[in-house]
Amino acid sequence: MSRVIALDLESENITGEIFPCVADLSFLTRIHMPGNHIIGSIGQEIGQLTRLQYINLSMNSIRGEIPVTISSCRRLKTIDLYSNSIKGEIPCTLAQCSSLQSVILSSNNLQGSIPQQIGLLPNLSALFLLNNQLTGSIPQNLGNSKYLRWVNFQNNSISGGIPAALFNSTSLSYLDLSHNNLSGLIPPFSQTSFLPLEYLSLTENNLSGEIPHSVGNLSTLSKLILGYNNLYGTIPESLSKLDSLLSLALDLSYNKISGEIPSEIGRLISMNSLNVSNNQLSGEIPSTLGQCLLLDSLNMEVNLLNGSIPDTFISLRGITEIDLSRNNLSGIIPSFFETFSTLKILNLSFHLSVCSYNYPKAKKNQATKESVTQEVKNLSYADLFNATDGFSPNYLIGSGRFGLVYKGRFNSEIGSAAIKVFKPDQLGGPSNFLSECEALRNIRHRNLIKVISLCSTFDPTGNEFKALILKYMVNGNLECWLHPKDYGQSTSLLSLGSRIGIAVDIAAALDYLHCRCTPPLVHCDLKPSNVLLDDEMVACLSDFGLAKFLHPASSMVFKDSSSIV
């Protein structure tokens, strides 16, 4: 056994502790044991494994701190402890492992600041520290590494400014600093060196100032996400040089950006998504956007835009979502929208002078919508991950075409909740999430499922992650009560009184949706499995992914649409 050089035991249901036993295998160069049930801590004995080059203990239940003796593993190239319960600080001695190339410590309980010495690792190529409780500032020398390609510090409490060296790195291709407390200006990008940056997300920070014009030098950039900051000024015309922008490409939402949208934005013919909502943009919608034939979603709501909807939008036949609400648009709604078979969300509400879909009580409903929206606050991926024990099958309570439903337990005032996770790779999954959000933000009734929160972010692998957090209904759905044997349950049959009570509850929900909502909302998927029962057997209608808004000013309902129109 003393000559064992590798442990490759991925997802083998291994339980218990592995330290200090593993430390006796002094010839070990590789430990690959992700996806097990390993507990305990990484002991100080790891320092005895001086030949170790690779360690992956991700997705286990390891606790304790990272031992300072890790510095003795001078040949270590990769350390991956993703998704454990490791606490304490990142030891400064980790930087003494001069061969390190990949450091992956995401989704733990790490605190303190990122050691400045990390930036001195000469071979570092990947640094993933997302979903922790890190504070302090970003190491100033981090961008000096000539091999650094991936940096993800998402969802921490890191403060201070962004080091200029990061934005001048000639090797960095992926940078995610979102969901932190960063402040100050966005540093300018190099105008002399080639910058290979492909992904940049700075969303949900406290950044201010203008978007630097040098952003146009990022010729390989495919995703630029700057939403939820305090940026002001105008949209730089140099953005038109970013001809590689793809899905989720350009997000400048929830800032204080003003001025007109430059017509040059139409040069981004590969752009898949444009979100400039919740700013102070004025002027007309550029007709050049009709050149962006690959556009899937367009969000310009809550601005000061005027004029009419451009006729050139007739070219956007592959688009699935258009939200131009809460502007000052005028004119008629183009009839060609009726022919857009892929369009699932069209929101043109709350304009001063749109001649169609104009409701007398719009101002009152707008206030109601805003109050409902303000109650819904984002939860992070880490919050949901912890609440479901890593989305364990033991917490799974339902599944459907577009996603899975877990029961989550939160330590906060939320308590227990139902977490509906949408499948990003399922056709219609992302749009189903948007549809359900659009419907639920506009309605509130005791017999409609209550939304607690939502989560729209990326998981640690960089994939889209979208989830709704709903009130947990203790007594499940009506289908299980009507046909308990089909579900292997011994649930008692419903009494006549309970059946009548449930029928009255659902009738009240439908009356609200059809007669008291403006515009009326049709559920389109009413069935027993979508009727949920709380602890007092009060029924609530759920699952609004296929719902349709009906506009009384027009008989137009898109025949091929499976969502809100």
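What follows is calculated from the coordinates using simple rules that are stated; it is not laboratory data. For clarity, every value in this text was computed on a predicted model and none was experimentally measured. Reconstructed Cβ throughout: ideal geometry from the backbone, glycine too, with neighbour counts over all protein chains shown.
Between Ser183 and Ser258, the distance separating the two model label sites (each 7 Å from Cα on the Cα→Cβ line) works out to 2.3 nm.
Taken over region 190-303, the ratio of Cα radius of gyration to 2.2 N^0.38 Å equals 0.97.
When restricted to Cα atoms, region 375-549 yields an Rg and a Dmax of 16.2, 51 Å, respectively. FRET efficiency for the pair Glu284 and Cys524, taken as 1/(1 + (r/R0)^6) with r the Cβ-Cβ distance and R0 = 45 Å, rounds to 0.80.
Rounded to the nearest 5, the antiparallel percentage of DSSP beta bridges internal to the chain is 30%. Per-residue 3J(HN,Hα) values for region 379-384, derived from phi via the Karplus relation 6.51 cos²θ - 1.76 cosθ + 1.60 with θ = phi - 60°, read 10, 7, 4, 4, 4, 6 Hz in sequence order (x marks Gly and Pro). Length available on full extension from Thr461 to Ile269: 0.36 nm per residue minus the Cα-Cα distance, which gives 66.4 nm.
Computed from the C-beta positions of Asp24 and Lys87, the FRET efficiency with R₀ = 25 Å rounds to 0.45.
Working from the Cα coordinates of the chain, the gyration tensor eigenvalues give, after taking √(5λ), semi-axes of 44, 35, 17 Å in decreasing order. With everything on Cα atoms, drop me the angle between helix 362-375 and the longest principal axis of the chain, reported from 0 to 90° to the nearest 10. It works out to around 20 degrees. Suppose R0 equals 51 Å; then what is the FRET efficiency for Arg516 and Ser392 from their Cβ-Cβ distance, rounded to the nearest 0.05? For R0 = 51 Å, the calculated efficiency reads 0.80. Inter-part distance, region 40-54 to region 292-307, computed on C-alpha centroids, equals 54 Å.
Remark: region 20-37, residue by residue, has Karplus-estimated 3J(HN,Hα) of x, 4, 4, 5, 6, 8, 5, 9, 4, 10, 8, 10, 10, 9, x, x, 10, 10 Hz, where x stands for each Gly or Pro and the curve is 6.51 cos²θ - 1.76 cosθ + 1.60 at θ = phi - 60°.
Computed from Cα atoms, the angle from the helix 429-440 axis to the main principal axis of the chain rounds to 50 degrees. Residues whose amide H lies under 5 Å from that of Ile14, counting only those 5 or more places away or on a different chain, are His37; hydrogens are built 1.01 Å from N in the peptide plane. On C-alpha positions alone, give me the angle between the axis of helix 496-511 and the longest principal axis of the chain, in degrees, nearest 10. In the chain, helix 496-511 runs at an angle near 80 degrees to the longest axis. The value of relative contact order for region 1-125, using C-alpha pairs under 8 Å at least six residues apart, is 19 percent. Ellipsoid fit via the Cα gyration tensor, region 1-136: semi-axes of 22, 18, 13 Å, each the root of five times an eigenvalue, largest first. Packing order of peptides 119-132, 504-517, highest average first: 119-132, 504-517 (average count of other Cβ atoms within 10 Å over each peptide's residues).
In a fully extended conformation the segment linking Leu304 and Gln117 would gain 62.6 nm over its present Cα-Cα distance, using 0.36 nm per residue. Ordering 392-404, 315-327 by mean Cβ neighbour count within 10 Å, with the highest value first, yields 315-327, 392-404. Across region 299-313, rounded Karplus estimates of 3J(HN,Hα) from the backbone phi angles (6.51 cos²θ - 1.76 cosθ + 1.60, θ = phi - 60°) give 10, 10, 5, 6, 9, 10, 5, 10, x, 10, 6, x, 5, 5, 5 Hz, Gly and Pro being marked x. Structural descriptor for the chain: relative contact order 6 percent, calculated from alpha carbon pairs under 8 angstrom and at least 6 residues apart. Counted over all Cα-Cα pairs of region 168-224, pairs farther apart than 19 Å make up 26 percent.
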